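Shown next, in structure tokens, is the structure this report addresses.
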Amino acid sequence: MYDSKRLNSLNLFQRTSFYINIEPGKLKHLELKDLLPLREGANIVLNRADAVLYRLERIYEIKAQILEILARCSKGLNVKSHQVMVWAPQVNELIFELTSTFVNLRLMMNAVLRLWFLKEGITNAPKSIRDVMKSLQSNRERVWVKKIPSDVKTALMHFWNEFGKKLIDYRDIDQHYDVLARQCIVSYQINIPNELEVLLPDNPETKSPKNFSFDKRIFGIELAQCAFEELHNFVETYVVPKGVEQAPLGCSINAKPSIVANKYVGATLGISFMNRSGSLSSEFYQSPEGTVNIAIRKSFPQKGDRSNGNGG
């Protein structure tokens, strides 16, 4: 499941919609039985992307709150340095969201690779981007590695070196060695706060907090945002077949696992709200034949009124 409205509002993954309604014959090298995994793989990619985007939106909301507080409280301060350390309860919340973003980005990386392998009909590749990159970087070429075009290899290597490895190393620090960060860095210009970031260590691969350095000024929010944009571009450029036009994503509805009420014809089996207010929803209900039907409506109808429904 994913929030199609959020993704569509930012014009994201508009070519990926190709997989959601994929039909037999669209990819000639794949059989009919391969299309369902492709559709499910695309849904997983969009779910992971939506999770990252939700976290990023929360980060920018909290960041704006902190900067607003600083703007009110900075009067009278004698800020001599261009950057100062800041902590507040909201800083903790921001760092919580950032660590969750890194986790979701890792899940998204793996999902994107799996979808690309599914599209190419490659079934014996590793499920983790870390293991995929180990094989790409080793001298021992495997059969599935030889099936990866040079331009895709180049794009994967670029993403891994610029973003992927760092994200995994930072996630490993947070999970096994230390908290990712303890405060934020705020940039000031003439006593006015104008930017806020989370400073990350230059050398997370050392796994040793006492040996961390911070000279390269690696900023966590910027890293997460750029990694997400690169993943999006990789999906739209390489994972979706060439020539596919952009199209808005439809509402994400997955009726598995489904509920069956054998004794109750017409019984409501599930409800899916298509917006936050609940004014647009769909109802899954059981037909006399035992199939699951879907009724889409603008508000809850009176009992027994399903005039807007259509069989599914």
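Being more than 28 Å from Phe13 (Cβ to Cβ) and surrounded by 15 or more Cβ atoms within 10 Å (Cβ to Cβ) is true for just one of Val143, Val91, Val152, Val132. Which residue is that?
None of the others qualify; the one that does is Val91.
Confirm whether Arg39 is in a helix (DSSP H, G or I), more than 25 Å from the chain's Cα centre (by Cα) and farther than 23 Å from Leu199 by Cα.
Spelling it out, it is not the case that Arg39 is in a helix (DSSP H, G or I), more than 25 Å from the chain's Cα centre (by Cα) and farther than 23 Å from Leu199 by Cα.
Please tell me if Val260 is at pLDDT 85 or above and on the phi < 0 side of the Ramachandran plot.
no
Given the residues Lys119, Lys75, Lys63, which is the only one that is of a type in the set (Lys, Arg) and not in a helix (DSSP H, G or I)?
Among Lys119, Lys75, Lys63, only Lys75 is of a type in the set (Lys, Arg) and not in a helix (DSSP H, G or I).
Which helices (runs of 4 or more DSSP H) sit wholly inside the range 139-234 and have at least 2 residues that are without any contact (Cβ under 8 Å) to a residue 24 or more places away in the chain and either assigned by TED's automatic domain parsing to the domain that holds Cys73 or among the β-branched types (Val, Ile, Thr) (or both)?
Qualifying helices (runs of 4 or more DSSP H): 143-146, 150-159, 220-234.
Quick one: would you say Glu57 is among the charged types (D, E, K, R), crowded, with 21+ Cβ neighbours inside 10 Å, assigned to a helix (DSSP H, G or I) and at negative phi? Spell out the reasoning first.
Numbers: among the charged types (D, E, K, R): yes; crowded, with 21+ Cβ neighbours inside 10 Å: no; assigned to a helix (DSSP H, G or I): yes; at negative phi: yes.
No; evaluated as a whole, the condition is false for this residue.
Could you please let me know if Lys134 is in the same structural domain as Ala49 (by TED's automatic domain parsing) and touching a residue at least 24 places away in the same chain (Cβ under 8 Å)?
No.
On the given criteria, is Leu231 under 30 Å from Asn8 (Cα atoms) and under 24 Å from the mean Cα position of the chain (by Cα)?
Yes, satisfied.
The values are calculated or read from the model by the stated rules, or taken from the named source; none is laboratory data. Only a predicted model underlies this, so the values are computations on that prediction, with no experimental measurement involved. Note that we place each Cβ from the backbone using ideal geometry, even for glycine, and neighbour counts take in every protein chain shown.
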